[in-house]
Each structure stands twice: as C-alpha cells, then as structure tokens.
Amino acid sequence: MSRGWTPLEPRRATGVIVRRVPVRVADISATGCMLESGLGIREGAVGTLHLTVEGRRYRETLRVTRVTSLPGSGRRQQVGAQFLTLGASRRALRHLAASMNVELMDGSPALPHAAGDADRWDGLRLVKLDGHERSARTVKG
Amino acid sequence: MLYLSEDIVVERISKTEITVLSSVGVTQGEELQLWLHHPGGESEAIVAKAIERTPALVDGMVRHRVRLSVVRTGEAR
C-alpha cells in the first residue's frame, strides 16, 4: 500500500471492480467469440478480452450473451460473447479475426479441458486467407 | 485473459479494508482492480483481495457484500 494514502469518504461512493478471468478461446470470428472458463461469468457482463497472437497483443471489448455449463466438467462454463464496436484500433481483435479463418489445430485435446488447462490456447489457430497461402498464427492468452 | 467490469457501491472504506456491494460474487482470495469514484469528482485506483463474501438484500434485490483487503493503491490498470 502507498504511504500516506488517505481513503476518500465512502458516502455515496461508487466504482467499478475488474475481475481477471482466465479463459480458453474455443472459437472466434469478426463479430464474437466462444470462451471456456472455470470462474462464474454471468450473461450481460461486459469486459475486455486480451490475446497475444505471434507476440502482438490484441484486445476487444465484449458483452457476454450466453453462458452454459459444460457437462461433466465441474464448474466450467462455455461463454458466448459479442464484440462491441467501440473503436477501430489496429489492435482490435475483430479486425484480425475478419481477415483469417479459424480452425482447430491437429491433435488438440477434445473439449472440455481440465480446470488446470484454463490458460492454454493451443487448441486454436488463425489461418490467413491469402489465396493459397496458409500462414497459421497460434493464439495465446 | 478476460477482464470483466462490474459496478459497485462502497459501504465502508479504511486504509486497509473496503466493503462493497456488487451484483456479482467473487471468489475468496481473488485479486481485483477497483476504480472508486466520489461525488466530488475525485477518484482512486486500488488493487484489493477478496477476503469475505456474504449475500445481502438491497432494495429487494440479492446482492453480494464483499469485504476486500487493500493490496496497493494507484496501480490499477
């Protein structure tokens, strides 16, 4: 804690909490994504998804539109989210997804993943659509 | 990594602990980033850890009363 910090009066004070939720990206497109998480996420929640693709960080704001339990996986959820078009940054994930196809990597484990694999992203890759060229980019969180 | 934002109302605050009302529960031990806004326009950024969560009925709605331990201030992203 910072020295000398004096908390402000709580009266009528409001604010925002930001939860850091490890997720696995199961699918992604230019308009939204499908995630898996072991932490409770509610429909209607808003947030920002941060991804690293080949060392470059991307982010996208989103709204959770659907949450379903993954059968036989304890508390793990499958989360559908819609990207919110709040800006046109070069680092916007939806622009990257729009220019690439998404496919599962060969040998990727079947869903659902164990809770300890929540940070793994190696089941997904983006494939660039440049004629016959297929340059895969592995997505990491 | 997914960063989810939720509105809160501050009930109590001290140099070491903050109690807030939230519409979502958090896990005990979970580290959170907070932005607190005050009526006078002041604001502060805090990193805190959830130490207790209890249900609370507020205006007929079920909310979560979350007690947070201040980890550090001025470093929230």
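The values are calculated or read from the model by the stated rules, or taken from the named source; none is laboratory data. As the structure is a computational prediction, the values presented were derived from the model and not from experiment. Counting neighbours? That spans all protein chains shown, and the Cβs are built from the backbone with ideal geometry, glycine included.
Filtered by the rule that a residue be out of contact with any Lys or Arg (no Cβ under 9 Å at 6 or more places or on another chain) and among the hydroxyl-bearing types (Ser, Thr, Tyr), the stretch A:16-69 gives A:Thr61, A:Thr65, A:Thr68.
Among the criteria (1) at the interface with another protein chain (Cβ under 7 Å from one of its Cβ atoms); (2) touching a Ser or Thr at 6+ places or on another chain (Cβ under 8 Å); (3) over 19 Å from B:Pro55 (Cα atoms), the one B:Met1 does not fulfil is (2). Restricting to the stretch B:21-55, and then to whatever is modelled with pLDDT under 90 and outside any loop (DSSP other than H, G, I, E, B), can you tell me which residue is farthest from the other protein chains (Cβ to nearest Cβ)? Ranking the qualifying residues of the stretch B:21-55, first place goes to B:Ser43. The strands (runs of 3 or more DSSP E) located wholly in the stretch A:12-68 that include 3 or more residues which are under 11 Å from the mean Cα position of the chain (by Cα) and within 7 Å of chain B (Cβ to nearest Cβ) occupy A:46-53.
A single entry from B:Arg12, B:Arg63 fulfils the requirement of being more than 7 Å from chain A (Cβ to nearest Cβ) and in a strand (DSSP E or B): B:Arg63. Please go through the stretch B:36-58 and pick out each residue that is under 11 Å from the mean Cα position of the chain (by Cα) and surrounded by 17 or more Cβ atoms within 10 Å (Cβ to Cβ). If the condition is that a residue be under 11 Å from the mean Cα position of the chain (by Cα) and surrounded by 17 or more Cβ atoms within 10 Å (Cβ to Cβ), then B:Leu36, B:Ile46, B:Val47, B:Ala48, B:Ala50, B:Arg53 are the ones that fit.
Return yes or no: is B:Arg72 farther than 15 Å from A:Thr14 by Cα, touching a residue at least 24 places away in the same chain (Cβ under 8 Å) and either within 12 Å of chain A (Cβ to nearest Cβ) or under 10 Å from the mean Cα position of the chain (by Cα) (or both)? Reasoning before the result, please.
Numbers: farther than 15 Å from A:Thr14 by Cα: yes; touching a residue at least 24 places away in the same chain (Cβ under 8 Å): yes; either within 12 Å of chain A (Cβ to nearest Cβ) or under 10 Å from the mean Cα position of the chain (by Cα) (or both): yes.
In short, yes.
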